[in-house]
Structures are given as C-alpha cells and as structure tokens.
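Colleague: I'd like to ask you about the structure that follows.
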Amino acid sequence: MKRECILSGIMSVNGKKVLHMDQNPYYGGESASITPLEDLYKRFKLPGQPPASMGRGRDWNVDLIPKFLMANGQLVKMLLYTEVTRYMDFKVIEGSFVYKGGKIYKVPSTEAEALASSLMGLFEKRRFRKFLVYVANFDEKDPRTFEGIDPKKTSMRDVYKKFDLGQDVIDFTGHSLALYRTDDYLDQPCCDTINRIKLYSESLARYGKSPYLYPLYGLGELPQGFARLSAIYGGTYMLNKPIEEIIVENGKVVGVKSEGEIARCKQLICDPSYVKDRVEKVGQVIRVICILSHPIKNTNDANSCQIIIPQNQVNRKSDIYVCMISFAHNVAAQGKYIAIVSTTVETKEPEKEIKPALELLEPIEQKFVSISDLFVPKDLGTDSQIFISRAYDATTHFETTCDDIKDIYKRMTGSEFDFEEMKRKKNDIYGED
C-alpha cells in the first residue's frame, strides 16, 4: 500500500482529514519489507527455521517488491516536498549492468567509462555520443533544440535512424537508459523517451555511480515515513483493521465498516485487494527473492546493483530485472546479499522464464518465489469516489508508481500534482558515506 501511504501523507499536508486503515499488522501492504527473517519463511510457507548460517533474524528487512529511486525522479521530489527525508537515509546503488550475449557489462556512468566500454565499437561510440549530446540539449519548450525532429510526431525509431544507431545501441538506450520493458515505445512519439533518457542522465549526474538510490533498512521505511507525516498533519493510522465492507449509497462511497463500526468518508483510496469486483486482471509478475553469500559475479564485487536483461537477448517480449542490495543497507545479516529477480509472466512456466537471471546469481542459498496478479481499476472512480491504485509492475524504479499517484491525485482533487510549487529544499539531504 505504498502509494496509499504516500497519498495519505500528501492529502494530510493539503488539509484533508485522513483515516488510514490497513488489514495487515505492518505498514506497506504488498510492498512491505519483512522482518525478522523467520516471518519471510512463514510468509512463503517454508518449513522449519532459517539455518544458523543466515545470522540473526532481526538483521533482515526483505522487500517483497524490489524498487530503486531515481535520484532526480518524481518520488525523491515528493519526499523533498513532504520533508519525509527527515526520517530516512539513502545510499547510492553502486552500479547498473546490462546483459548481452550471456555476459553482463557495466552501463557506463562517466564519459571515460563509456569510451572504455566493450558494449559498443569505436564508431558506434562516436554516434552514440552525438545522440547523448542532442538529448542533453533537448528542451521541449525550445524548438531550436529539435534539429528537424518533431517531439510530438517523430517516432523514436526515426530518431535512432537519424543518428545512425545500430541495434545493440538501440537496445541499450531503450532498455538500460530509458528503462522501457518492451519495444512498444519505438513507434511512439519520441518526446517521452528523450525525457526518460534525460532523467537517467540527470539522476546519474547527482551521485556518479548510478542513477539509483535506496533507503537504509529497506523500502518499508517509505510508507512509515509518510505515515509519520500524515500523523503530524492530524491523520490517523490503524493497522490490523479488517475491512468488512465498503458502504456505497446511490453509487457513491459513504463509509467503511470494520469490526462492527462505520468510519464515514467522502473519498476512498485503496489497493485492488480491497475491491475485487471493481478491478480486472491484466497479467502477472513473477518475483524471486534470492539470498546469496557472495556479490554477483562480474559486478566488481558491488554491494548493490541493478542488472537489466533486455527482452530480445533472451527471446522474450519484456525485460527481466535483477535488483541487488546487501548488509551494507541494513537489510541483511553481515556478509549476506539479497537479489530479487522480476519480470512480466509470458508463458505457463514462469520459473523457466527467469532462468537466465538465476544463472547469474549462482550459488543461491535460499529462494522465495511469488507470482502476483496484475490488477487495474475498471473505472476512474469519479462517480463512486473510490480511487483504486494499480498493482505493482515489474519495473525496478518508482517512476510508474509516481505516475499512478499523480493520476489518482488529479482524479480526486481535479487539479494537477505540481512539483514546481513544492517547497524546494535548498540543502542537499542525501548523506554520502
């Protein structure tokens, strides 16, 4: 329920009276961090206790859904706007890698790395550099930066042609920089892709190693931070509250019944698990949490990283992602690493689909496999005033989640969620170690 937590914080700051009920005994719903490790074993119905080699159970905070924050992305702006950053510390993820021909390569994070990278040949590098300079200078408000491209009409495929970029470079750009999971974007107007590459470059420029940040003690810190924020502004939180009924009169929500009592409301935000009749299934995501006692091979012993396996490297329609964090982020016992593999399910045998990713992680000490249905709301909620968030997709960053938050905000309030008006914090709040 992370987005519900974020929205409850934002709505409280905006002067709304917020009551936040969760049927779970912990914050965050399906996107919680599970601690101690014993609880993760129980959740996945593994017999017995974790072996002694796993260290102390309470040293573990294991995310059920893997996500990183783009350093210059929307969630960081939301955190700054709401000052939730006061309650949290972040670390920069040490590197981003891409899979090609069965091997993994570092996604270059500096010009020197790009020139030395074996991902592309010398002439490719020159053309790619010209393309990146174009992207950096591109400003959708300034037609002088377009160079004959119409951002609202020219397809991304045609932009790649203009810069004479080869298939490998196109794959790398679309999937490792613009972070698309499929190739559908190629025939769409190029503006969105160019802005995504800009976001990647600007995020990378902030801290140098990679564009991603991750909170110490796991992603479960995010909903807790927003819960504190909501409380400061008069919001009320109730965990462990079973929801018996959502009460609707004349097609509009008027309240929620729990343990025989009714909490009255004018608007309701919830995830799909509370309103099964108002959502439809559009697919599935497989996620495998893997506990390792070693860093991933060929990542220069990084204590955190992301690996993207582009779909056409493994004859698929959608990419496979690996997110790895470790004891360095206070989410695992000393010397332990957590790698989470995720992708959109495409066949009847999802575990076979992620084999290329699992092979990169061997040996794996323990696996926890989950397959989740992807639900989306059947309507916008404007009539019923029941606003339902979408299920978490397979992406490894929060940009699509933030799009959903902004979308719900607009449907609820009738106005755009505006970052420009947000109180910009002048001091840079991220601690570097």
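Colleague: Scan the strands (runs of 3 or more DSSP E) fully inside region 1-113 and keep the ones with 1 or more residues being within 26 Å of Lys209 (Cβ to Cβ) and open to solvent by 40 Å² or more (accessible area, probe 1.4 Å).
Modeller: Those strands (runs of 3 or more DSSP E) span 90-92, 96-100, 103-106.
Table: residues versus (1) in contact with a helix residue (DSSP H, G or I) (Cβ under 9 Å, 6 or more places away or on another chain); (2) within 20 Å of Arg287 (Cβ to Cβ); (3) polar (S, T, N, Q).
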site	(1), (2), (3)
Ile6	yes, no, no
Glu30	yes, yes, no
Gly57	yes, no, no
Ala71	yes, no, no
Leu80	no, no, no
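Colleague: For a quick check of your reading of the model, give me the residue pairs whose first member lies in region 373-387 and is among the hydroxyl-bearing types (Ser, Thr, Tyr), whose second is open to solvent by 30 Å² or more (accessible area, probe 1.4 Å), with beta-carbon atoms closer than 9 Å and at least 6 apart or on different chains.
Modeller: Thr382/Arg411; Ser384/Val248; Ser384/Gly251; Ser384/Lys252; Ser384/Arg278
Colleague: Open to solvent by 20 Å² or more (accessible area, probe 1.4 Å), farther than 24 Å from Glu399 by Cβ, among the charged types (D, E, K, R) and part of a loop (DSSP other than H, G, I, E, B), is that true of Glu147?
Modeller: Taking the combined requirement at face value, the residue satisfies it.
Colleague: Of (1) more than 30 Å from Asp319 (Cα to Cα); (2) under 18 Å from the mean Cα position of the chain (by Cα); (3) of a type outside the set (D, E, K, R), Thr395 satisfies all except one. Which?
Modeller: Checking Thr395 against (1) more than 30 Å from Asp319 (Cα to Cα); (2) under 18 Å from the mean Cα position of the chain (by Cα); (3) of a type outside the set (D, E, K, R), the one that fails is (1).
Colleague: Sticking with this one: What's the total number of residues in region 175-193 that are crowded, with 21+ Cβ neighbours inside 10 Å and not polar (S, T, N, Q)?
Modeller: Looking only at that region, the number is 6.
Colleague: Quick check: anything in region 273-283 surrounded by 19 or more Cβ atoms within 10 Å (Cβ to Cβ) and within 20 Å of the chain's Cα centre (by Cα)?
Modeller: no
Colleague: Restricting attention to region 238-261, which residues are within 20 Å of Pro25 (Cα to Cα) and surrounded by fewer than 16 Cβ atoms within 10 Å (Cβ to Cβ)?
Modeller: Matches in region 238-261: Met238, Leu239, Asn240, Pro242, Glu244, Glu245, Lys257, Glu259, Gly260, Glu261.
Colleague: Let me spell it out: the conditions are (1) surrounded by fewer than 15 Cβ atoms within 10 Å (Cβ to Cβ); (2) in contact with a strand residue (DSSP E or B) (Cβ under 8 Å, 6 or more places away or on another chain); (3) in contact (Cβ under 8 Å) with a residue 12 or more places away in the chain, and Arg264 meets all of them except one. Which number is the exception?
Modeller: (3)
Colleague: Determine whether region 230-237 contains at least one residue that is more than 26 Å from Lys2 (Cβ to Cβ), open to solvent by 70 Å² or more (accessible area, probe 1.4 Å), among the hydrophobic types (A, V, I, L, M, F, W, C) and at pLDDT below 95.
Modeller: No.
Colleague: Report yes if Ser12 is over 30 Å from Leu204 (Cβ atoms) and at pLDDT 90 or above, otherwise no.
Modeller: It is false that Ser12 is over 30 Å from Leu204 (Cβ atoms) and at pLDDT 90 or above.
Colleague: If Gly218 satisfies all but one of (1) under 30 Å from Met11 (Cβ atoms); (2) surrounded by 19 or more Cβ atoms within 10 Å (Cβ to Cβ); (3) in contact with a helix residue (DSSP H, G or I) (Cβ under 6 Å, 6 or more places away or on another chain), what's the number of the condition it fails?
Modeller: (3)
Colleague: Checking Val322 against (1) within 17 Å of Ala302 (Cβ to Cβ); (2) in contact (Cβ under 8 Å) with a residue 60 or more places away in the chain, which single condition isn't satisfied?
Modeller: Unmet for Val322, out of (1) within 17 Å of Ala302 (Cβ to Cβ); (2) in contact (Cβ under 8 Å) with a residue 60 or more places away in the chain: (2).
Colleague: Among the residues of region 124-136, are any under 30 Å from Leu292 (Cα atoms) and open to solvent by less than 30 Å² (accessible area, probe 1.4 Å)?
Modeller: So far as region 124-136 goes, no, none of its residues is under 30 Å from Leu292 (Cα atoms) and open to solvent by less than 30 Å² (accessible area, probe 1.4 Å).
Colleague: Kindly indicate which of Thr347, Thr343, Thr400 is under 21 Å from Tyr214 (Cα atoms) and modelled with pLDDT of 95 or more.
Modeller: None of the other options fit; the residue is Thr343.
Colleague: Out of Ile289, Ile296, I need the residue that is open to solvent by less than 10 Å² (accessible area, probe 1.4 Å), touching a helix residue (DSSP H, G or I) at 6+ places or on another chain (Cβ under 9 Å) and assigned to a loop (DSSP other than H, G, I, E, B). Which one?
Modeller: Only one candidate qualifies: Ile296.
The values are calculated or read from the model by the stated rules, or taken from the named source; none is laboratory data. Note that the structure is a prediction, hence the values are computed from the model and not measured. Quick reminder, even Gly has a Cβ in these numbers, built from the backbone with ideal geometry, and neighbours come from all protein chains shown. Remember, those area values only see protein heavy atoms, side chains included, never the ligands or the DNA or RNA. Shrake-Rupley method; radii C 1.70, N 1.55, O 1.52, S 1.80 Å.
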